[in-house]
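Here is the structure we will look at.
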Amino acid sequence: MKDILILGIESSCDETSVSVVKNGREVLSNVINSQIKIHEEYGGVVPEIASRCHTEVINGVMKEALKEANVTLNDIDAIAVTQGPGLVGALLVGVSYAKGLSFATGLPLVAVNHIEGHIAGNYLTHKDLEPPFLCLIVSGGHTHLVNVKSYNEFEILGKTRDDAIGEAFDKVARVVGLGYPGGPKVDNLAKEGEASIKLPVTHFENLDFSFSGIKTAVINLNHKDLSINKADLCASFQKAVTEMLLTNTEKAVKEFGVNKIAIAGGVSRNSYIRKEFDKFAEKMNIKVYYPEPVLCTDNAAMIAAQGYYNYINNERAELNLNAIPSLKIGE
Ligand code: KG4
Ligand code: ZN
C-alpha cells in the first residue's frame with residue numbers, strides 16, 4: 001500500500017508547530033517554535049501576542065518541517081490542522097494558513113480536535129497501541145478521562161469542573177516564586193521535598209475532577225507562612241493531585257474492565273505522576289502508555305497523527321472551516 005504523508009499544523013496556544021507524519025505512526029519532522037520566552041515576562045500566555053507570533057513564524061516553520069522530512073508539498077497527501085479547542089486568535093492563524101495552503105495546492109484539508117491530537121501522540125511513541133483504551137488527558141487547558149473506543153470515537157467519562165490540572169501546576173509555581181511555565185519547575189523542586197503537608201483532595205460520585213480547592217489551599221498556606229518549605233509544598237501538591245487522578249482512573253479501569261490506559265498532555269511529562277502510574281499499572285496488572293516527552297506538550301506531529309486517522313476515515317474540511325475555541329472532544 002502507498003504511504004500516506006500528512007502535514008500537521010498546530011497553533012492553538014503558544015507553540016507554532018508543523019510536522020510531517022507517515023502513515024499516522026512515524027514522525028518525519030516535528031518543528032516546534034515555542035513562545036515561552038516571550039510570554040514568560042507576563043507570567044502566562046498573552047493571547048494577542050501569541051497570535052502575532054504565530055503569524056510571523058508559521059511560514060518559516062512549515063518550510064523547515066518539509067526540509068527536515070526531506071519532502072516537498074508534492075509528496076504530501078493531506079493537510080491536517082488544529083480546529084480547536086484553544087485561543088481563537090491563535091487557532092485562526094493555523095486554520096487560515098492551512099486553508100490557503102489547501103487552496104493553493106489542491107490538497108485535501110482535515111480538521112483535528114486538539115485533545116484528540118494529544119491522545120494520538122501516544123500512537124507515535126507506541127506502534128503497538130490500538131483502541132480501545134482509556135486515556136487520561138492532563139494539560140494546561142484540559143483534564144479529561146476519555147474512553148477511546150476507536151481512532152475516531154470518543155466518550156468523555158469525566159472532566160474537570162473548574163481548573164485544568166496544568167493551570168493548577170502553573171499557579172502553584174507562580175505563588176511559590178518559580179515562574180512560568182510552572183509544571184516542570186514544580187516537578188523539579190518537588191524532588192528535593194517531602195510530601196508532608198496535608199492538602200485537600202476532591203472526589204465526586206462520578207469521574208469528574210476539581211483542582212481549584214487544592215490550588216486555593218496552596219495559595220493560602222503560602223500567604224499565611226511565607227517561610228513554608230517550598231519543596232515540601234510542591235511535593236505535597238503533586239502527591240495530592242496524583243491521588244485524585246489515580247482514584248478516578250482506578251474507578252474507570254474497574255468499571256470498563258480495560259487492560260490498557262494512556263496518559264497524554266503536557267502534565268504527562270511529570271516524573272512523579274509517571275512513577276505513580278507505573279506502580280498503579282503494576283498493581284492493577286494493566287499496561288500504561290505515555291508519549292515521549294516532546295510529544296506530550298503541544299506539537300504538530302500529534303495533530304498529523306490524528307489527522308491521518310481522520311483522513312482515512314474520509315473526514316474532509318471545506319475552505320469555510322472555522323476555528324472553534326471551545327470545541328469538545330468527539331465533535
Ligand atoms: O499540553 P500542553 O502543552 O498545552 C495544553 O494543551 O494545555 O500543556 C502545557 C501544560 C502547562 O500547564 C505546563 O506547566 C504543564 O503542561 N507541564 C507540566 C510538566 N511539563 C509541562 N506539568 C507538570 N510537570 C511537568 N514536568
Ligand atoms: Zn495541548
Please verify whether N222 is in a helix (DSSP H, G or I) and more than 15 Å from ligand 2 (Cβ to nearest atom), treating the condition exactly as stated.
yes
Out of L233, L246, sole residue that is modelled with pLDDT of 95 or more, within 16 Å of ligand 1 (Cβ to nearest atom), surrounded by 16 or more Cβ atoms within 10 Å (Cβ to Cβ) and over 24 Å from the mean Cα position of the chain (by Cα)
L233
Only one residue in L28, L66 is surrounded by 17 or more Cβ atoms within 10 Å (Cβ to Cβ) and assigned to a helix (DSSP H, G or I). Which one?
L66
Which residue is surrounded by the most Cβ atoms within 10 Å (Cβ to Cβ), if the candidates are limited to the range 174-226 and must be closer than 23 Å to T297 by Cα and of a type in the set (K, R)?
K215
With the checklist (1) away from ligand 2 (no atom under 16 Å from the Cβ); (2) within 27 Å of N206 (Cβ to Cβ); (3) among the aromatic types (F, W, Y) in hand, flag the one item Y311 doesn't pass.
(2)
In the list A168, A120, A90, A111, which residue meets the criterion of being assigned to a strand (DSSP E or B), of a type in the set (G, A, S) and buried (at least 20 other Cβ atoms within 10 Å of the Cβ)?
A111
Residue among V18, V95, V46 that is away from ligand 1 (no atom under 15 Å from the Cβ) and modelled with pLDDT under 95:
V46
What pairs come up if the first residue lies in the range 1-23 and is within 14 Å of E68 (Cα to Cα), the second is within 15 Å of ligand 1 (Cβ to nearest atom) and of a type in the set (D, E, K, R), and their beta carbons are under 6 Å apart, counting only those six or more places apart or on different chains?
S17/E10
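Which residues, counting only those in the range 260-288, are away from ligand 1 (no atom under 16 Å from the Cβ) and not small (G, A, S)?
Scanning the range 260-288 gives K260, I261, K279, F280, E282, K283, M284, N285, I286, K287, V288.
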Being within 21 Å of F209 (Cα to Cα) and surrounded by 18 or more Cβ atoms within 10 Å (Cβ to Cβ) narrows it down to one residue among V258, V267; which is it?
V267
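The values are calculated or read from the model by the stated rules, or taken from the named source; none is laboratory data. Keep in mind the model is a prediction, meaning the values are calculated, not measured. We place every Cβ from the backbone using ideal geometry, glycine too, and count neighbours over all the protein chains shown.
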